[in-house]
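Heads up, the thing below is written out as structure tokens.
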Amino acid sequence: MKGFSERALVSDVLAWLRGRSVSPVSETVLLADLLGRVLDDMVIADIDVPSFDRSAMDGYAVQAESTDGASLYNPLTFSITGQSLPGTPCSGRVESNTAIRIMTGAPVPEGATCVVPAEHATESNDQLEITQAMPPGRHIGKRGEDVTRGQTLLESGRQLRPQDIALIGSLGQDHATVVRQPRVRLLITGDELVVPGHPRKAGQIFESNSLMLAGLVQRDGGVLEAPLPCVPVSDQRSDIADMLTRPGADIILVSGGSSVGTEDHAPTLVSELGQLVFHGVAMRPSSPSGIGQVGDALVFLLPGNPVSCLCAYDIFAGETIRRLGGRPPGWPYGRIEGVLNERIASDIGRLDYCRVSITESTETSISPLAISGASILSSTTRADGFVMVPAGLEGYAEGTRVEAWRYDTPANHPGELQ
């Protein structure tokens with residue numbers, strides 16, 4: 001064993017990742033599976049919506065000029081000559097002093113220029129009395145008032161919401177062209193790891209990083225190559241090599257075995273089977289992180305300690321997955337500013353990821369959690385978020401106003417780590 005001779009700056013690693021050419025692949029997806037997907041092509045209307053004039057009220061379709069002078073004291077009489085229902089239009093025509101019974105959403109019959117709501121009319125034996133005059137166009141939804149043929153409705157790059165999918169469906173389209181989700185392989189290594197729910201021997205621990213990584217990948221728009229539970233891979237070179245070289249993944253997340261110990265085979269294998277671009281990064285935690293490529297897959301070596309794994313994923317892998325999937329690359333966390341109530345110590349040349357509690361009041365207070373060690377997974381559940389201390393600082397003094405990122409708040413103005 002030997003330590004790292006040098007560690008790359010986080011900014012250099014990010015510059016390399018961001019400088020890579022990203023060419024998202026498109027695919028056609030049915031409406032039922034579009035939620036959260038990113039459009040790869042704009043949606044242009046090929047029909048008017050609605051495609052006909054329709055009633056906005058339950059009532060009677062008439063010629064507006066025939067209602068002139070109608071009032072409670074001067075009801076006007078019309079003959080009912082037909083009925084128009086949603087999906088069953090009336091084939092008849094509205095003439096002067098005739099009316100066609102009509103329901104909301106039904107096609108407006110030929111000749112009608114307004115709809116008299118039912119509350120302003122009384123019907124008896126196919127005769128109708130109207131007690132209020134109506135101007136032309138009243139209570140009629142015009143053809144194309146929602147969408148006009150040829151109109152661009154949704155731009156490329158949009159992450160689809162439920163109402164977006166409904167809009168696509170209203171055009172009669174049953175699919176859309178979206179960016180293919182990055183395919184992510186989890187390679188969890190360690191002879192000491194046991195799948196939760198299985199018997200555990202002395203010296204073994206339950207594997208949990210795959211559960212965290214799976215949620216993070218889903219959040220960032222990737223799709224797991226295989227469903228959970230993820231069976232840990234033994235610390236055998238051949239087993240790890242098989243997982244690294246197997247085709248089909250865009251991203252391989254290796255958790256554990258990323259450092260310089262005798263059982264840390266992943267960095268050497270990435271170097272032998274492909275290219276190990278970085279190994280060892282000037283950050284705390286997560287300094288044993290590494291990045292390389294094997295075949296078509298970009299490989300992220302994430303430390304096995306859970307806090308380090310989370311930190312390295314968020315800084316490097318998460319942004320890359322979002323880029324590949326066509327999503328905004330910035331932090332998926334809500335940004336907040338506050339005042340430190342305790343000093344944060346760091347070293348020049350090293351990025352620090354510091355877990356904090358956040359108290360919002362008249363002046364937001366940010367408190368570093370007094371926890372050491374990257375293996376304390378529960379610290380991330382007790383923390384409200386984190387503060388990043390850049391490599392150019394020796395930390396932050398008590399009373400400094402700093403920027404923090406909240407775990408449980410979606411990003412309002414996503415920003416990139418510099």
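A few comments on the model shown:
- For the chain, averaging the sequence separation of C-alpha pairs within contact (under 8 Å, six or more residues apart) and dividing by the residue count gives a relative contact order of 15 percent.
- Taking the convex hull of Cα positions in region 265-327, its mean projected area over all directions (nm²): 4.3 nm²
- For residue 195, the residues whose modelled amide H falls within less than 5 Å of its own, excluding neighbours fewer than 5 places apart on the same chain, are 207.
- Its DSSP H runs of at least 4 residues, each contributing -39,500 (n - 2.57), put the calculated 222 nm mean residue ellipticity of the chain at -4500 deg cm²/dmol, to the nearest 500.
- Using the Cβ-Cβ distance between residue 337 and residue 201 with R0 = 56 Å, the FRET efficiency computed as 1/(1 + (r/R0)^6) comes to roughly 0.70.
- Close amide H contacts of residue 299 (hydrogens built in the peptide plane, cut-off under 5 Å, sequence separation of 5 or more or a different chain): 252, 292, 293, 294.
- Amide H contacts of residue 102 (H built 1.01 Å from N, under 5 Å, at least 5 apart or other chain): 59, 60, 61, 84
- Among 209, 341, 97, residue whose mean-square fluctuation peaks in a GNM of the chain (springs only between Cα atoms under 10 Å): 97
- Probe 1.4 Å, protein heavy atoms only - accessible area per residue of region 1-65 in square angstrom: 57 Å²
- Under the convention that each Lys and Arg Cβ holds +1 and each Asp and Glu Cβ holds -1, the size of the dipole of the chain around its Cα centre is about 860 debye.
- In this rough spin-label picture, where each label sits 7 Å from Cα along the Cβ direction, the residue 409-residue 359 distance is 1.7 nm.
- Solvent-accessible heavy-atom area per residue, rounded to whole Å², over region 68-224 at 1.4 Å: 52 Å²
- ³J(HN,Hα), Karplus 6.51/-1.76/1.60, whole Hz, each residue of region 141-157, x for Gly, Pro: x, 7, 4, x, 5, 8, 9, 9, 3, x, 6, 7, 9, 9, 8, 4, x
- What the phi angles of region 166-180 give under the Karplus curve with 6.51, -1.76 and 1.60, with θ = phi - 60°, is a coupling list of 4, 4, 4, x, 5, 8, x, 8, 9, 7, 8, 8, 10, 6, 5 Hz, glycine and proline written as x.
- Max mean-square fluctuation residue, GNM over the chain, Cα-Cα springs under 10 Å, options 149, 327, 284: 149
- The calculated P(r) of the chain, using every Cα pair and 20 Å bins from 0, goes 22, 37, 20, 18, 4, 0 in percent.
- Zone of residue 79's modelled label, taken as backbone nitrogen in region 93-137 under 16 Å from a point 7 Å along Cα→Cβ: 93-101, 124-129
- Calculated FRET value between residue 398 and residue 149, using beta carbons and R₀ = 51 Å, to 0.05: 0.20
- Using the Cβ-Cβ distance between residue 242 and residue 347 with R0 set to 45 Å, the FRET efficiency works out to roughly 0.70.
- Only protein atoms count toward the accessible area here, which uses a 1.4 Å probe; on region 1-151, the carbon and sulfur part of that area reaches 48 percent.
- In order through region 117-127: 3J(HN,Hα) via Karplus (6.51 cos²θ - 1.76 cosθ + 1.60), integer Hz, x for Gly, Pro: x, 4, 5, 9, 8, 10, 10, 7, 6, 6, 10
- Rolling a 1.4 Å probe over the protein heavy atoms of region 211-292, with every protein chain left in place, gives an accessible area that is 54 percent carbon and sulfur.
- Potential extension, residue 6-residue 30 segment - 0.36 nm per residue separation minus Cα distance: 3.7 nm
The values are calculated or read from the model by the stated rules, or taken from the named source; none is laboratory data. As the structure is a computational prediction, the values presented were derived from the model and not from experiment. Cβ: placed from backbone, ideal geometry, glycine included. Neighbour counts: every protein chain shown. Only protein heavy atoms, including side chains, enter the accessible area calculation; ligands, DNA and RNA are left aside. Shrake-Rupley method; radii C 1.70, N 1.55, O 1.52, S 1.80 Å.
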